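*Asks:* Have a look at this one before I ask anything.
The values are calculated or read from the model by the stated rules, or taken from the named source; none is laboratory data. Remember, predicted model here, so these are calculated numbers, not experimental data. Note that each Cβ is placed from the backbone with ideal geometry, even for glycine, and that neighbours are counted across all protein chains shown.
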Amino acid sequence: MAGEPVNVNEFQELARHALPKMYYDYYTGGAEDQHTLKENVESFRRIIIRPRILVDVSKIDMSTTILGHKTSAPIMIAPTAMHKLAHLEGEVATARGAAACDVIMGLSYMSTCTVEEVASSCNAVRFFQIYVYKRRDITALMVHRAEKKGFGAIILTADTPRLGRREADIKNKMIAPQLKNFEGLISTEYVSDKGSNIEALAAGTFDASLCWKDIEWLKSITKLPILIKGILTSEDAIKAIEAGVAGIIVSNHGARQLDYAPATISVLEEIQHTLEEIINSMTYQMYSKNSWRWLNAASCHV
């Protein structure tokens, strides 16, 4: 490619040439037939902009607040795993980028840098994403480490009782590195005779019994606000309100979990309207309009 990349698509093309095929496929792939992966992109393309003219745009301020944290734009870096597969500095480099742009970073539970390394690298506002392990003591320890290091919220990924069937990873026999956060706690070097050891890792560690009542357990071990990621229906959004979480992230996990689920952007408006109606009708009087943010996570990885 001649010259520096000028858009995201060109960065993706550079990555395709620079990364080993196994890692490139891991970052870009979706579940099964990848129908939802295609729909995530096509649904955005179907959204048409209707511009208004002769408006003073000499001074534009896109800043907002999310859970009380100021950010330069209503954009958050979604928690994505294993950044060191693509860059030597891994999630530390991502955090520095977030700090430079003054946006919030979501750090993955499955990061290749530790909670402490990322926290000490810069002054970015950070939220910590978790999966709930069968060994709840490990999840509790990770939450406490994040809280101690000044993370601003916990993001519970709730759409992964089983890892999605990612056929590219199976064909490539994808191997995950030992994750530094879990050194001395558990080995993440699972062996699988079916291809991807990431699938074996998830099956061996993730708690498939996780359900709505466990939100109370999570709230009992931290004072941080809790966001639920993975909601795609109004019904589950209402349940999230009833569970008393601080907010939701509308997400289909970057199409990496359940294929033929709806594109994230296609359900965002319905969910937002449903929650606005509930709050406006005062059915749930304990919640104010300012308590909620609706976040669209178009690409979230395990």
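*Asks:* Among the listed residues 139, 114, identify the single one that is under 22 Å from residue 222 (Cα atoms), at pLDDT 95 or above and crowded, with 21+ Cβ neighbours inside 10 Å.
*Replies:* Checking each option against the conditions leaves just 139.
*Asks:* With respect to residue 153, is the statement that it is closer than 30 Å to residue 35 by Cβ, aliphatic (A, V, I, L, M) and touching a residue at least 12 places away in the same chain (Cβ under 8 Å) true?
*Replies:* In short, no.
*Asks:* Additional query: Can you tell me which residues in the stretch 211-251 are among the β-branched types (Val, Ile, Thr), surrounded by fewer than 19 Cβ atoms within 10 Å (Cβ to Cβ) and under 15 Å from residue 272 (Cα atoms)?
*Replies:* Matches in the stretch 211-251: 233, 238.
*Asks:* Quick one: count up the residues across the stretch 86-110 that are in contact (Cβ under 8 Å) with a residue 40 or more places away in the chain and in contact with a Leu (Cβ under 7 Å, 6 or more places away or on another chain).
*Replies:* 2
*Asks:* Would you please name the residue that is farthest from residue 103 (Cα to Cα), looking only at residues in the stretch 18-69 that are among the acidic types (Asp, Glu) and loosely packed, with under 10 Cβ neighbours inside 10 Å?
*Replies:* 56
*Asks:* In the stretch 19-58, how many residues are assigned to a helix (DSSP H, G or I) and of a type in the set (A, V, I, L, M, F, W, C)?
*Replies:* Counting residues in the stretch 19-58 that are assigned to a helix (DSSP H, G or I) and of a type in the set (A, V, I, L, M, F, W, C) gives 4.
Quick grid of which residues meet (1) surrounded by 15 or more Cβ atoms within 10 Å (Cβ to Cβ); (2) under 19 Å from the mean Cα position of the chain (by Cα); (3) within 19 Å of residue 106 (Cβ to Cβ):
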site: 129; (1), (2), (3): yes, yes, yes
site: 144; (1), (2), (3): no, no, yes
site: 148; (1), (2), (3): no, no, yes
site: 154; (1), (2), (3): yes, yes, yes
site: 167; (1), (2), (3): yes, no, no
site: 170; (1), (2), (3): yes, no, no
site: 179; (1), (2), (3): yes, yes, yes
site: 184; (1), (2), (3): no, no, no
site: 209; (1), (2), (3): no, no, no
